[in-house]
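First the structure, in the form of structure tokens, and then the observations on it.
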Protein chains: 2
Amino acid sequence: MRDVAALAGVSLKTVSRVVNNEAGVSTDVRTRVERAIGQLGYQHNLAASTLRRSDGRSNTVGVLLQDVSNSFSAGMLRALEDAARERDVAILASSLDEEPDREHSLVGSLIRRRVDGLVMMPTTQRQDYLADELRSGLPVVFVDRGPKGVDADSVVVDNRAGALLATTHMLEHGHRRIAYLGDLNRISTAAARRAGYRQAHKDAGVPLDPALEVGDLRGDTDAREAMDRLLDLDDPPTAVFAARNSLAIGAVQSLRARGLAHRVALVGFDDFPLADLLDPPLTVVRQDVRRIGTEVARLLFARIDGDDAPPRHVVIEPVLVVRGSGEIAP
Amino acid sequence: MRDVAALAGVSLKTVSRVVNNEAGVSTDVRTRVERAIGQLGYQHNLAASTLRRSDGRSNTVGVLLQDVSNSFSAGMLRALEDAARERDVAILASSLDEEPDREHSLVGSLIRRRVDGLVMMPTTQRQDYLADELRSGLPVVFVDRGPKGVDADSVVVDNRAGALLATTHMLEHGHRRIAYLGDLNRISTAAARRAGYRQAHKDAGVPLDPALEVGDLRGDTDAREAMDRLLDLDDPPTAVFAARNSLAIGAVQSLRARGLAHRVALVGFDDFPLADLLDPPLTVVRQDVRRIGTEVARLLFARIDGDDAPPRHVVIEPVLVVRGSGEIAP
DNA sequence: TTGAAAGCGCTACCAT
DNA sequence: ATGGTAGCGCTTTCAA
């Protein structure tokens, strides 16, 4: 910047004015400075700028997702990116893989980088460790799973209602033995989905069979094995509710391998690309990822812009997408 | 940091030593400083640190992909992330959506943020605009598509060979009318895949029919419509080579809607989740995304570590994954 | 409209 | 083993 100033024959401050598009620079001087910038290939240093600025804005936000390569996280990231781009805000993205330690260390890393805000799909049980940052005004929006131990903005879907929807749908189609495939039990959304599954049975007056409830499944491989075991029972389920997309995939693999894909009903939680091209097409409870992402961005940027109202909790209602697999009769 | 120093009764420099884990601090002093840090909730400011450091490292790299929500880009991002995490390097990720203007502006934004390196899946025809940065030593690794107009490291798959593989496979199964569904023609990988498709015909002595070659398709919707039109021809194709994953999906939609999924052969380029669960399971040419990502990371971090050998160009051979859809007889 | 000087939070360098 | 001082590249403040 000093070189640019020298070449253009102006002061540092004037170059700064040009670079930041501030008023109070004559067209003539502006042109001279811009030419000098071009000649020297000067690139403004945003880190130095941030350091000195009174607001300390880095124009960067951090996003901690479950796994940037899974379709739900990736869709979220994309929706956020679109909102961020309009403001010329960059996104630091990371995957947590349900590892609490990683959440702690990545949050620290983002704070050391002075992000203007944080979006997180938490994997820890409680986020008390964020209390200091929240109090000092760091904008944080929780997504998919609400905050525990602290209060902050959040955007979640009504997991219980979604599970109730899915399970009731199969009960109404006459199923009485519906299996449940669930995520790691400690994850709050998994608990809510399980509660919805049970509620549906209660509402319909159908007894639950604990042998049909399998939790703590990490991914499609786990789900496939669990499904295999369920189908080997003396009195196997005639329907399955898979409480996450990867678990539904594992279930499909198992059913397909045994030629039961058209015999056992299946409803998944969380839509994914190609679910409609499976055979039978997969009936799912859909969480509108783009809508969630848009809401998250709205909350986050409002906070960044100084909104200091009490935390807001947005709940998005999931919808049942009927495609075929969930309508198979017992 | 000043406050920490005051509270611990040491100098600024000593706090800096503790924070950076430098040697030459007694255990006693270190403990005192750490306690002060804890009491004050002090968080090191990485931007200020970067500014002052002699190497100017930001421990941040920029990644420009086609679209972070598509499985190929997302897989790349994830592989890179895993390599970056080991070094405590953060990732700024963005989507280009095949828009050249966005590439220019995002590269600028990343340079202003002083990233230590850049990974890009370019969407521009030429990247001469990067010449200055490359000359001044910015590590850049091109992925999926090689650099044009400048020289830099790259990791690409052998697109021509992959297309040759796919097309020959169907020719060997007796097909003589194989359609081609291709990406935007200006994209170099699309051109290479088309060349492979043609080469296969030439090798087999099978004449090409221009009516069966459709390029400039943007996504599954385009592909579906193109496929519909092809199937409406008087002499429709008995097989299809879809040169990108989203195009294969469009083709499947069209075939499925007409009940031809088991009648017309289909091979896609680029594997994706669930391709094996379609009916029939989709035969594809697979590019090993994780392997590509790992190679990219290896090249990038070697450059960041000071490697100044001439640019390296890694070519990954794609493999044919036979699953069913590509083996349908004419 | 333009500029000079101070200082953001930190690390390099040299001294003790 | 510890500290003082200068200065990274920029913006702020105030003066001209």
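Below is a table of values for the structure above.
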{"quantity": "Separation in nanometres of the label points that stand 7 Å from Cα toward Cβ, at A:LEU260 and B:ARG258", "calculated": "3.7 nm"}
{"quantity": "Average beta carbon contacts from partner chains per residue of B:44-52, 10 Å cutoff", "calculated": "6"}
{"quantity": "Where labels lie 7 Å past Cα in the beta-carbon direction, separation of A:LEU184 and A:VAL319 in nm", "calculated": "3.2 nm"}
{"quantity": "Summed side-chain charge close to B:VAL25 - residues other than B:VAL25 whose Cβ falls under 15 Å, Lys, Arg +1, Asp, Glu -1", "calculated": "+2"}
{"quantity": "Around A:ASP116: net Lys/Arg minus Asp/Glu count, Cβ-Cβ under 11 Å", "calculated": "+3"}
{"quantity": "Spacing of the two label points (7 Å from each Cα toward its C-beta) at A:GLU327 and B:ASP228, in nm", "calculated": "2.2 nm"}
{"quantity": "Calculated on alpha-carbon atoms, Rg and Dmax of segment B:251-330 in Å", "calculated": "18.3, 57"}
{"quantity": "Whole-Å distance, taken between Cα centres, linking segment A:6-69 and segment B:288-330", "calculated": "37 Å"}
{"quantity": "Nm distances between copies for B:ARG135, ranked from closest, using label points 7 Å along Cα→Cβ", "calculated": "5.4"}
{"quantity": "Paramagnetic label zone (point 7 Å from Cα along Cα-to-C-beta, B:ASP209; backbone N under 13 Å) in segment B:234-256", "calculated": "B:234-240"}
{"quantity": "Segment B:141-174: trypsin sites (Lys or Arg not before Pro) in DSSP loop, at most 12 other beta carbons within 10 Å", "calculated": "none"}
{"quantity": "When the protein assembly as shown is reduced to its Cα atoms, the Kirkwood hydrodynamic radius in Å", "calculated": "27.4 Å"}
{"quantity": "Note, ³J(HN,Hα) from phi for segment B:265-271, Karplus 6.51, -1.76, 1.60, rounded to Hz, x at Gly and Pro", "calculated": "6, 8, 10, x, 10, 4, 6"}
{"quantity": "Value at 222 nm in deg cm²/dmol, rounded to 500, when DSSP H runs of n ≥ 4 in chain B each add -39,500 (n - 2.57)", "calculated": "-13000 deg cm²/dmol"}
{"quantity": "Per-copy distances of the A:ARG176 label point, shortest first, in nm (7 angstrom along Cα→Cβ)", "calculated": "6.1"}
{"quantity": "Label 7 Å beyond Cα on the Cβ vector: B:THR27 copy-to-copy distances, nm", "calculated": "7.2"}
{"quantity": "For A:GLU295, net neighbour charge (Lys/Arg +1, Asp/Glu -1) across residues whose Cβ lies under 12 Å away", "calculated": "+1"}
{"quantity": "Relative contact order of chain A, pairs being alpha-carbon contacts under 8 Å that are 6 or more residues apart, as %", "calculated": "17 percent"}
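No value in this document is a laboratory result; all are computed from the given coordinates. Please read all numbers here as calculations on a predicted model, not as lab measurements. Cβ sites come from the backbone with ideal geometry, for glycine too, and all protein chains shown count toward neighbours.
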